[in-house]
Amino acid sequence: MSFAEGYNYGVEHLTEDWIATMASDIYVTPTTFTAIDRFIWKNGDLNIGCLIPYLSRSDLPTQQFSSSYFSRDCESPGMTFNLNIFKKDVYKKLDGMTREYSGNFNDIEMWLKLKEKGLNVYLVGSSYAVHYGQLTLTYGSNTNVNNDKEKFYKKHPQLFEKGSFFDMRMDEFFQSRILKYLYKFKMLLPTAKRKMYIILLLKILPVLQKMN
């Protein structure tokens, strides 16, 4: 069973209106889900596609906890499949996690599909979970990063930007005009420093990008 098939199979057995998908190397705290529950009740007018907590470790710099100052409710510039909260009907309407990748870019593909439906991914500022970081991979994996990357950029060539963070044009994931403007400044930097500059923008995003 593939990465995506395992997730989708599990979701089929859930009966609640709101569902959670969680990787095996995630440890939740007593407030992880209560904070998300408060967010849902407080922001019922938002077009919620998915809710994600801040994590101790994340491939998405915006999601990685650094301080309470930067851990704010905000529209997220992407997502990771670590701990995710969906409405079950939304997950099903999107036909679940895409099965075209072996385990990489499934999360970005989901973010794009949600945006196409007019739905947003939100980071919940007061929700935090511990991510042990690729712990599951130590027990074996059938994922192939290079194959997944080739498939993703063949499907989305407009998102490719060599030398950027994940070779991805990250300004396409920004909603803030300020961030889009700041992104252009990377061209003034030496090539070797551009990726770190983009990571910095992703880290400060919660302060600059409001919820819509």
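Remarks
- Over the chain, dividing the summed -39,500 (n - 2.57) contributions of all DSSP H runs of at least 4 residues by the number of residues returns a 222 nm mean residue ellipticity of -10500 deg cm²/dmol.
- Within a Gaussian network of the chain (alpha carbon springs, distance under 10 Å), most fluctuating of Ser67, Ser127, Ser56: Ser67
- Potential lengthening between Glu100 and Glu5 on full extension [0.36 nm per residue; Cα-Cα distance subtracted]: 33.2 nm
- Working value for the range 3-208: equivalent-ellipsoid semi-axes of 26, 21, 17 Å, each the square root of 5 times a Cα gyration tensor eigenvalue, largest first.
- GNM flexibility winner over the chain from Pro77, Pro30, Pro61 (Cα, springs under 10 Å): Pro30
- Among beta bridges that DSSP assigns inside the range 28-127, antiparallel share in %, nearest 5: 35
- Loop GluC sites (Glu not before Pro), the range 87-123 (other Cβ atoms within 10 Å of the site Cβ: 13 or fewer; DSSP): Glu100
- Taking label positions 7 Å along the Cα-Cβ direction at both Lys193 and Asn142, the computed distance is 4.6 nm, reported to one decimal.
- Fraction of antiparallel bridges per DSSP, the chain only, in percent to nearest 5: 60
- Placing +1 on the Cβ of every Lys and Arg and -1 on the Cβ of every Asp and Glu, with no other charges, gives the chain a dipole of roughly 920 debye about its Cα centre.
- For the range 40-120, applying the loop criterion from DSSP together with a ceiling of 16 other beta carbons within 10 Å to the trypsin sites (Lys or Arg not before Pro) yields Arg57, Arg99, Lys117.
Quick note: the coordinates plus some simple rules give every number you see, no bench work behind them. Computed from a prediction, not measured in an experiment: that's the story for all the values here. Here the Cβ is made from the backbone with ideal geometry for all residues, glycine too, and neighbour counts use every protein chain on show.
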